[in-house]
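Student: The structure's right below; bear with me while I get my questions together.
The values are calculated or read from the model by the stated rules, or taken from the named source; none is laboratory data. Just so you know, these numbers come straight off a predicted model, no measurement behind them. As a convention, Cβ positions derive from the backbone with ideal geometry for all residues, glycine included, and neighbour counts pool all protein chains shown.
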Amino acid sequence: MLYFLETAENKETFVTMPFECENISFGYTDTRVVENFSISFAPGNFYGVIGPNGSGKTTILDLLSKHLEPEVGRICYNGKDLSLYSRKQLSKQIALVPQNFYINFAFTVKEIVMMGRYPHLPRFAAPTPEDIHIVNEMMEKTGIDKFSDRFITELSGGERQRVVFTRALAQNTPVLILDEATSNLDINYSISLLNISEQGVKKEGNTVIAVMQDINLAAAYCDYLIFLCEGRIAAHGITRQVLNPNTIQSVFNVDAKVYHESYSDSLQVVFKK
């Protein structure tokens, strides 16, 4: 389905929306976590999802990746109801870097990254030379090639997170979903992996949807921000328009100053103690 879109550069264009969320609601037992969530995600954009703890951020990502089914409303991907896609079909379209990743089996780093290629392989087929090339290229790009033969169970939390991120990049999908994907990383690796994700948006027209706790990193990378509060959208829009002291006060109940930082060429936020 085609929609009119006014981009961050105010250029008029028509695009196919990867995701269309229509009045999505979801809850656990008696607690409603997401309420009337409606929004569309256009290709070639980096989206940031921001909000307090328990505001429904991870649940939104789980709904978009079909790990959960909405109780009310529907989600469409490329004009087709998300529920009609098989797991394998979706895994060729959407890669997820989860907030937590646990594995107790002694797979090597390279074996974990190669798992990102499984959706592209016929059943029981061995990886092709192209698959091996993509895996090696991504490991080198993210800097984990240095420990490609180590077991995942031997790595630190930050190293594991880099491996899982690399696996998602090797999956080579048009949509990348990040659930606090840099939370265990130092700033060097955070910037490096977000730069790679941004390149996919700018050069390949991919869509990135990222839950981020660091508002300043979100301001630096995201074209579009979605603020959640108690399961509802509190504010959303182009970053330079929606990121302001009033939004931060209403969502987080803290005083803040928002200004443009020329060094990073992005908005930045400072908080009052």
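Student: Would you be able to say whether some residue in the stretch 131-148 is out of contact with any Pro (no Cβ under 8 Å at 6 or more places or on another chain), in a helix (DSSP H, G or I), of a type in the set (Ser, Thr, Tyr) and surrounded by 14 or more Cβ atoms within 10 Å (Cβ to Cβ)? Before the answer, list the steps.
Tutor: Within the stretch 131-148, the first condition is being out of contact with any Pro (no Cβ under 8 Å at 6 or more places or on another chain), and the residues that meet it are 131-134, 136-148.
Subset that is in a helix (DSSP H, G or I): 131-134, 136-142, 145-147.
From what's left, of a type in the set (Ser, Thr, Tyr): 142.
Then keep just the ones that are surrounded by 14 or more Cβ atoms within 10 Å (Cβ to Cβ); that gives 142.
The answer is yes; a qualifying residue exists.
Student: Name the pairs whose Cβ atoms lie under 7 Å apart, with the first residue in the stretch 170-186 and in a loop (DSSP other than H, G, I, E, B), the second of a type in the set (Ser, Thr, Tyr), and 6 or more positions between them or separate chains?
Tutor: Pro174/Thr207; Thr182/Ser190
Student: Name the residues in the stretch 238-271 that are part of a helix (DSSP H, G or I), among the small types (Gly, Ala, Ser) and exposed (fewer than 12 other Cβ atoms within 10 Å of the Cβ), would you? Give the derivation first.
Tutor: Applying the first criterion (part of a helix (DSSP H, G or I)) to the stretch 238-271 yields 239-242, 245-252.
Subsequent filtering for residues that are among the small types (Gly, Ala, Ser) retains 250.
The answer is none; no residue qualifies.
So that you can scan it fast, the table gives a plain yes or no per residue for (1) touching a strand residue (DSSP E or B) at 6+ places or on another chain (Cβ under 9 Å); (2) within 16 Å of Glu22 (Cβ to Cβ); (3) surrounded by fewer than 15 Cβ atoms within 10 Å (Cβ to Cβ):
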position: Val34; (1), (2), (3): yes, yes, no
position: Leu61; (1), (2), (3): yes, no, no
position: Glu69; (1), (2), (3): yes, yes, yes
position: Leu82; (1), (2), (3): yes, yes, no
position: Ser86; (1), (2), (3): no, no, yes
position: Ser91; (1), (2), (3): no, no, no
position: Gln99; (1), (2), (3): yes, no, no
position: Ile103; (1), (2), (3): no, no, yes
position: Val113; (1), (2), (3): no, no, no
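Student: Which residue pairs have Cβ atoms closer than 7 Å, lie 6 or more positions apart in sequence or on different chains, and pair a first residue in the stretch 35-59 that is within 18 Å of Leu217 (Cβ to Cβ) and at pLDDT 95 or above with a second residue that is of a type in the set (Lys, Arg) and crowded, with 18+ Cβ neighbours inside 10 Å?
Tutor: Val49/Lys57; Gly51/Lys57
Student: Sticking with this structure for a sec: So, of the residues in the stretch 71-80 that are out of contact with any helix residue (DSSP H, G or I) (no Cβ under 8 Å at 6 or more places or on another chain) and in a strand (DSSP E or B), which turns out to be surrounded by the fewest Cβ atoms within 10 Å (Cβ to Cβ)? Break it down into steps so the answer makes sense when it comes.
Tutor: Of the stretch 71-80, the ones out of contact with any helix residue (DSSP H, G or I) (no Cβ under 8 Å at 6 or more places or on another chain) are 71-73, 78-80.
Restricting the remaining residues to those that are in a strand (DSSP E or B) gives 72-73, 80.
Working: Val72: 15, Gly73: 16, Lys80: 11.
So the residue we want is Lys80.
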